[in-house]
Amino acid sequence: MMGPLSLPLALLPLVLLTLSGCSAPAPARPEPPPEEPVEILALPETRHLEPLSAPGIVTEGREPEEGREPATPMGARDYHGNMMRWAYDNEAALLAEAPDAYFYALPQTEERPETALIRWGTSAAEFDWLFSTPRMYPPEMYRFDLDGDGEDELVVLCCSGSGTGVSVWDLHVVEKHEDGTLTDYSTFRYAEDGNPLWDDGLPSLLGLERIGDRAFLILGRELAEVDPAALPEEDRRPFTGSTIQFEVFPEERRIRFWGGVDVVPASYVADLSADVAYRDGVFTLSNFHLYGNTFFEERRP
């Protein structure tokens with residue numbers, strides 16, 4: 001007689017199979033396709049960059065001509081409107097100022113179409129600076145101790161070149177001497193004998209290398225990929241100097257340079273920046289960075 005949980009021996013294998021949940025073997029997984037070989041790009045070699053120094057273009061201020069020195073201005077300031085009046089009405093005009101310092105554009109003459117008069121306290125001097133282009137950007141002026149010697153300098157930015165593919169600002173540092181005379185040290189782009197910063201110095205730090213169907217600009221330890229279709233068939237040396245702009249941070253006693261990199265016939269294939277230091281008439285660029293040209297933006301109104 002079978003008890004309530006007894007089963008015939010013949011049914012026992014079937015019950016065990018059911019309880020174990022066994023089923024037919026799953027079909028074998030297909031073998032994964034062989035992995036495609038990964039192309040390893042051999043990037044161009046990079047190098048450490050030392051700071052780049054060059055003497056400024058030196059201009060001694062000359063004593064203002066009698067009767068051409070405007071009075072110290074008072075009241076509201078309209079630098080752009082003043083510049084328009086200087087350009088079209090040939091009037092002396094205040095274009096920029098800093099504490100106890102003023103930048104005037106003096107009336108134009110055939111001999112001196114652009115003359116800046118700098119008044120700083122009781123000192124005054126004329127300089128033949130370029131500060132006018134068709135875009136009519138007024139100069140910018142700051143007063144602070146740029147070189148850390150305990151004495152203030154005047155830092156002046158002047159737009160000296162503008163147009164298609166060109167946006168050039170010159171950095172002027174004006175020193176006041178014990179006798180009250182003023183001397184200008186500048187990065188003037190259009191100096192008669194050229195400027196060692198833009199003509200030789202900075203371009204010597206740049207490299208251009210093609211790897212397969214790709215092209216890279218090299219600045220120290222940084223790379224920027226550029227469109228090889230925009231480059232000439234024959235490799236040419238990258239150059240700078242068509243775009244020169246500066247940002248001044250008086251509270252931090254700091255200046256930053258921004259510029260474009262060109263490779264004829266292409267313009268603005270990349271952009272770069274650097275810190276600008278000044279001491280004893282010498283400008284030094286350091287802390288270089290290279291960017292793709294989508295980073296660059298116009299930094300003037």
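Structure notes:
- Here Val264 and Ser204 are evaluated by their C-beta separation; at R0 = 25 Å the FRET efficiency comes out at 0.90.
- Spherically averaged projected area of the convex hull of Cα atoms, segment 111-201: 7.5 nm².
- Computed over segment 67-140: relative contact order in percent, which uses C-alpha pairs under 8 Å that are six or more apart: 24 percent
- Contour excess over end-to-end distance, with Cα ends at Ala76 and Glu35 and 0.36 nm allotted per residue: 7.5 nm
- Gyration tensor verdict on segment 153-301 (Cα atoms; rounded if a/c is under 1.5, prolate if a/b is larger than b/c, oblate otherwise): prolate
- What the Cβ-Cβ distance of Thr122 and Tyr190 gives, at R0 = 22 Å and to the nearest 0.05, is a FRET efficiency of 0.10.
- Normalised per residue, the accessible area of segment 104-150 is 41 Å², obtained with a 1.4 Å probe and no contribution from ligands, DNA or RNA.
- Sorting the segments 94-107, 249-262 by their residues' average number of neighbouring beta-carbon atoms within 10 angstrom, most packed first, yields 94-107, 249-262.
- Each Lys and Arg adds +1 at its Cβ and each Asp and Glu adds -1 at its Cβ; summed about the Cα centre, segment 143-202 shows a dipole of about 460 debye.
- Segment 110-146 and segment 158-216 have their alpha-carbon centroids 18 Å apart.
- Cβ-Cβ distance of Asp227 and Val166, R₀ of 30 Å, FRET efficiency by 1/(1 + (r/R0)^6): the value works out to about 0.90.
- Within segment 126-161, backbone nitrogen closer than 12 Å to the virtual label 7 Å beyond the Cα of Arg253 toward Cβ: 144-153
- Distance between the modelled labels on Gln108 and Arg47, one decimal in nanometres: 4.6 nm (7 Å Cα→Cβ projection).
- Per residue value of the accessible surface for segment 192-301 (all protein chains in place, 1.4 Å probe), Å²: 49 Å²
- Amide H contacts for Trp129 (H built 1.01 Å from N in the peptide plane; partners 5 or more residues away or on another chain; cut-off under 5 Å): Ala116.
- Distance (nanometres) between label positions extended 7 Å along Cα→Cβ at Glu151 and Glu65: 3.0 nm
- Carbon + sulfur, % of accessible area of segment 166-301 - ligands and nucleic acids excluded, 1.4 Å: 47 percent
The values are calculated or read from the model by the stated rules, or taken from the named source; none is laboratory data. Note that the structure is a prediction, hence the values are computed from the model and not measured. For neighbour counting, all protein chains shown are included, and Cβ atoms are generated from backbone atoms with ideal geometry for every residue, glycine included. Calculation scope for accessible area: heavy atoms of the full protein, side chains included, ligands and nucleic acids excluded. Shrake-Rupley method; radii C 1.70, N 1.55, O 1.52, S 1.80 Å.
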